[in-house]
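Asks: One structure, as structure tokens, below. Some questions next.
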Amino acid sequence: MTATDLAALAPDVLDLAARRVEAETGLTFAGARRRRFDAALGKMADTLGLPGAAACASWLLAGPWDAARSALCARFLTVGETYFFREPRALDLACDVARAHAARGANRLLRIWSAGCCTGEEPYSIALSLRRRVPQLPPDGVTILATDLNDAFLDFARAGIYRRWSFRRADPADLDDFFRPLGDGRFEIDPRLRAQIRFASLNLASATYPSAATGTVAMDIIFCRNVLMYFAPEQVGRVIARLRDCLAPGGWLVVNASEASPPLFAGFTPVYHEDAVFFRKSAPADTVAVPQEATAVAPPAPAPAKAPAPAPARAAAAALAPAPAPPVPQPDGAMARVHALAAAGRREEALQCLRRAVEADVLSAPLQQDAALFALEHGDRALARHCVRRLLYLEPDSALGHYLSALIEDASGRRPRARSLLREFGRLAAGADAELRSALKQWMERAP
Ligand SMILES: C[S@@+](CC[C@H](N)C(=O)[O-])C[C@H]1O[C@@H](n2cnc3c(N)ncnc32)[C@H](O)[C@@H]1O
């Protein structure tokens, strides 16, 4: 087949390749992400010495799926954004669970899994937090498994050498006890922490877990943060069900707040925070206290019928009291009702209604966008941030999303981040067509 033939076939071949990659790795390239897939295929083609994206797509489609295809997809299609002490509330949960474990004098190991650990910042942050904050639990009383699809990330994690950028939310001065400066701007993790973590390759889209072979059974906490967002909804459901099977009774699954669509988490009880959501597998009558700070994002509609009873822990009980919630409205009607409540001066009810609506339709970008603006206008920055994250997940190139995100960051005092978002907004808006530019103008006039 000539290059011209391939070019004519390209859209079909690229579609088929995108579908195969999704089936094999779980990574989805629907909507705006599709352009990223096509661009990545071009780069993969260069690496393979193939003439272009279409030829690379044909290579991905030909023959059985093998390690070479997996490795290349992992290298070019996964996102390696991570840093130490990300979403610290989740680390608070790990410390609380560890304290409760130590207090019970449990004679079994505390088992933690970082699924989608990327370059290791997440599992090392867990190990470090436990060492520092739960000294009553000896390091050999904890086992930490860290897995990822991308072997290059895992090699990096095993080396345990990081640049200052990995500590962008931490003060390296605080880390003196556990990092050795190498004198060239890099820091090496303490070998004692490194020895505590087992790094292994594991594809979350495969059915290799739970299993004794992968060491993924009877987990007390699974961190699977900022990973599910790259999967298609059906795949997310399968992954969550398997992760649930990996948890011990009462175990916790931690995901990023923007990934938490309650219908997908059947069999769990959710506890919401601004930047993380904890899902508890069941609610035995023991007492692992969840972090005590108030929840930033209220729980959505009542748990599905099959879900266990609400957790008895104090904060969870308060957060999860079976709410006599009104029926979840449909998106269009929901926004009208939200506005009507606000116009009647019932701000709190309007925001509650909005929370339920955005949880009921997590995949609607227009709804998340309208909800973000409403929440900002009505002073609920946490909810606005939650909706903007979802919006940018659904539409990574949304100019409005970048603009709103910049407003939120600015209001939170994170000026450099706000400036960089505004620059991105300017770039995206410049490329928008006249109709969108006019819509943008109207939004900017409305935005607080
Ligand atoms: C954005 S990083 C998140 C890292 C870390 N959990 C955090 O929150 O900072 C997403 C990670 O998920 C991994 N990943 C993507 N698809 C995966 C799959 N099918 N199985 C396992 N890991 C996967 C990527 O390789 C990447 O390291």
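Asks: Filter the stretch 117-143 down to the residues that are under 19 Å from PHE278 (Cβ atoms) and among the charged types (D, E, K, R), then identify the one that is surrounded by the most Cβ atoms within 10 Å (Cβ to Cβ).
Replies: Among them, the one singled out is GLU122.
Asks: Right, next: May I ask you to list the residues in the stretch 45-71 that are within 30 Å of PHE167 (Cα to Cα) and either surrounded by fewer than 19 Cβ atoms within 10 Å (Cβ to Cβ) or modelled with pLDDT of 90 or more (or both)?
Replies: Scanning the stretch 45-71 gives a single hit, ALA71.
Asks: Pairs only if they're at least six apart or on different chains, beta carbon under 6 angstrom, first in the stretch 213-239 and within 12 Å of the ligand (Cβ to nearest atom) and open to solvent by less than 30 Å² (accessible area, probe 1.4 Å), second part of a loop (DSSP other than H, G, I, E, B) and modelled with pLDDT under 90; list them, first residue then second.
Replies: PHE231/GLY26; PHE231/THR28; ALA232/THR28; GLN235/GLY26
Asks: Across the stretch 103-116, which residue is nearest to VAL21 (Cα to Cα) among those that are more than 9 Å from the ligand (Cβ to nearest atom) and crowded, with 17+ Cβ neighbours inside 10 Å?
Replies: Filtering first and then ranking leaves TRP113.
Asks: Kindly establish whether VAL271 is assigned to a loop (DSSP other than H, G, I, E, B), more than 15 Å from the ligand (Cβ to nearest atom) and over 20 Å from PHE29 (Cβ atoms).
Replies: Criteria not met by VAL271.
Asks: Looking only at the stretch 38-54, count every residue that is more than 14 Å from ASP12 (Cβ to Cβ), assigned to a helix (DSSP H, G or I) and touching a residue at least 24 places away in the same chain (Cβ under 8 Å) and tell me the total.
Replies: Going through the stretch 38-54 one residue at a time, the tally reaches 5.
Asks: Can LEU137 be described as part of a helix (DSSP H, G or I) and either in contact with a His (Cβ under 7 Å, 6 or more places away or on another chain) or more than 16 Å from the ligand (Cβ to nearest atom) (or both)?
Replies: Judged against the criteria, LEU137 is not a match.
Asks: For the stretch 196-212, name all the residues that are assigned to a strand (DSSP E or B) and either in contact with a Cys (Cβ under 6 Å, 6 or more places away or on another chain) or polar (S, T, N, Q) (or both).
Replies: Within the stretch 196-212, just SER201 meets the criteria.
Asks: Under 8 Å between Cβ atoms, which residue pairs at least 6 apart in sequence (or on different chains) link something in the stretch 147-160 that is in the same structural domain as GLU122 (by TED's automatic domain parsing) and without any contact (Cβ under 8 Å) to a residue 40 or more places away in the chain with a partner that is within 9 Å of the ligand (Cβ to nearest atom) and among the hydroxyl-bearing types (Ser, Thr, Tyr)?
Replies: Within 8 Å, the pairs are PHE156/THR119.
Asks: Out of (1) crowded, with 23+ Cβ neighbours inside 10 Å; (2) within 26 Å of ALA157 (Cβ to Cβ), what's the single condition that is false for GLU24?
Replies: (1)
Asks: Also, quick follow-up: Please state which of the following conditions LEU128 fails to meet, knowing it meets all the rest: (1) within 17 Å of PHE167 (Cα to Cα); (2) within 14 Å of the ligand (Cβ to nearest atom); (3) in a helix (DSSP H, G or I).
Replies: Tallying (1) within 17 Å of PHE167 (Cα to Cα); (2) within 14 Å of the ligand (Cβ to nearest atom); (3) in a helix (DSSP H, G or I), LEU128 fails exactly one: (2).
Asks: On to the next question. Could you list all residues from the stretch 407-424 that are touching a residue at least 24 places away in the same chain (Cβ under 8 Å) and part of a helix (DSSP H, G or I)?
Replies: LEU407, ILE408, ALA411
Asks: Moving on. If only one of ALA371, ALA336, ALA340, ALA365 is outside the structural domain of PHE231 (by TED's automatic domain parsing) and either crowded, with 22+ Cβ neighbours inside 10 Å or touching a residue at least 60 places away in the same chain (Cβ under 8 Å) (or both), which one is it?
Replies: Only one candidate qualifies: ALA371.
Asks: Could you check the stretch 346-362 and list, in sequence order, the residues that are assigned to a loop (DSSP other than H, G, I, E, B) and modelled with pLDDT of 80 or more?
Replies: Scanning the stretch 346-362 gives a single hit, ARG346.
The values are calculated or read from the model by the stated rules, or taken from the named source; none is laboratory data. The structure displayed is predicted, hence computed values, not measured ones. All Cβ positions, glycine included, derive from the backbone under ideal geometry; neighbour counts span all protein chains shown. Side chains are part of the model used for accessible areas, which takes the heavy atoms of the whole protein and leaves out ligands, DNA and RNA. Shrake-Rupley method; radii C 1.70, N 1.55, O 1.52, S 1.80 Å.
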